[in-house]
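Presented below is the structure to which this report refers.
The values are calculated or read from the model by the stated rules, or taken from the named source; none is laboratory data. The structure displayed is predicted, hence computed values, not measured ones. Backbone-built Cβ (ideal geometry, glycine too); neighbour counts: all protein chains shown. Note: areas computed on protein heavy atoms with side chains; ligands, DNA, RNA excluded. Shrake-Rupley method; radii C 1.70, N 1.55, O 1.52, S 1.80 Å.
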Amino acid sequence: MSTTVTTFAELPGLAGTDLGYTDYIEVDQTQIDTFADATDDHQWLHTDPVKAKDGPFGTTVAHGFLTLSLAIPFWTELLDVTDVTTKVNYGLDKVRFPAPVTVGSKIRMRATIATVTEIAGGVQLGVDQTIEIEGGTKPAVVAHSLYRFYV
């Protein structure tokens, strides 16, 4: 993993830049259970390892939105804009969850800056992000995210 460090003035020139991959992280049952508590989503598929053994994946799986939420720490591994006052996760234009993340899986993210748009007081990046499962044939998450940087 290599973090791209840039200044606000350099952001417009980053359109089309492939930021590469983050390091892998392992998704464990404690993280899944904590997310279940935070969102009040305790479906057995996520939180009951005994019952999940007989389920469609043979074990518990992370919530899709847990996997998506990891895009934020992954994103900060890939890009650091040094001279801005505010960094905002502005939203998502499109998200899909092609494959489940089973407990114990390792995931990482790849990101490409698709667009750079000037906005009042700042710049908005449109970023194509893919969260991959180590050894998997399909990604866990494919998303187009929007991030804003203000000076």
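At-a-glance table
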| item | result |
| --- | --- |
| GNM result for the chain, Cα springs below 10 Å: residue of 32, 133, 72 fluctuating most strongly | 72 |
| Candidate aspartates and glutamates for bridging to residue 51, where Cα separation is under 18 Å - those fewer than 8 sequence places away on the same chain excluded | 28, 33, 41 |
| Length gained when the stretch residue 37-residue 18 is fully extended (0.36 nm per residue, less Cα-Cα span) | 3.3 nm |
| Residue (of 95, 67, 31) at the positive-pole extreme of the range 1-135, dipole from beta-carbon charges | 95 |
| Full-extension gain in nm, residue 72 to residue 118, via 0.36 nm per residue minus C-alpha separation | 14.4 nm |
| Rel. contact order, % - alpha carbon contacts under 8 angstrom, at least six apart, the range 24-87 | 23 percent |
| Residue 83 - accessible surface, heavy atoms, 1.4 Å probe, Å² rounded to 10 | 80 Å² |
| Relative contact order (%) - the range 33-151, alpha-carbon pairs under 8 angstrom, separation at least six | 25 percent |
| Within straight-line cross-link reach of residue 53, lysines at Cα separation under 28 Å, skipping those fewer than 8 residues along the same chain | 106, 138 |
| Charge dipole (debye, nearest 20) of the chain; +1 at Cβ of Lys and Arg, -1 at Cβ of Asp and Glu | 340 debye |
| Exposure ranking of 68, 125, 92 by accessible area [1.4 Å probe, largest first] | 92, 68, 125 |
| Surface accessible to a 1.4 Å probe, residue 69 within the full protein complex, Å² | 50 Å² |
| Shape parameters for the range 112-151, alpha-carbon atoms, Rg then Dmax in Å | 13.5, 43 |
| Translational D in µm²/s for the chain (Stokes-Einstein at 20 °C, 1.002 mPa s, Kirkwood Rh from C-alpha pairs) | 131 µm²/s |
| Most mobile listed residue (22, 76, 102) in the chain, GNM with C-alpha springs under 10 Å | 76 |
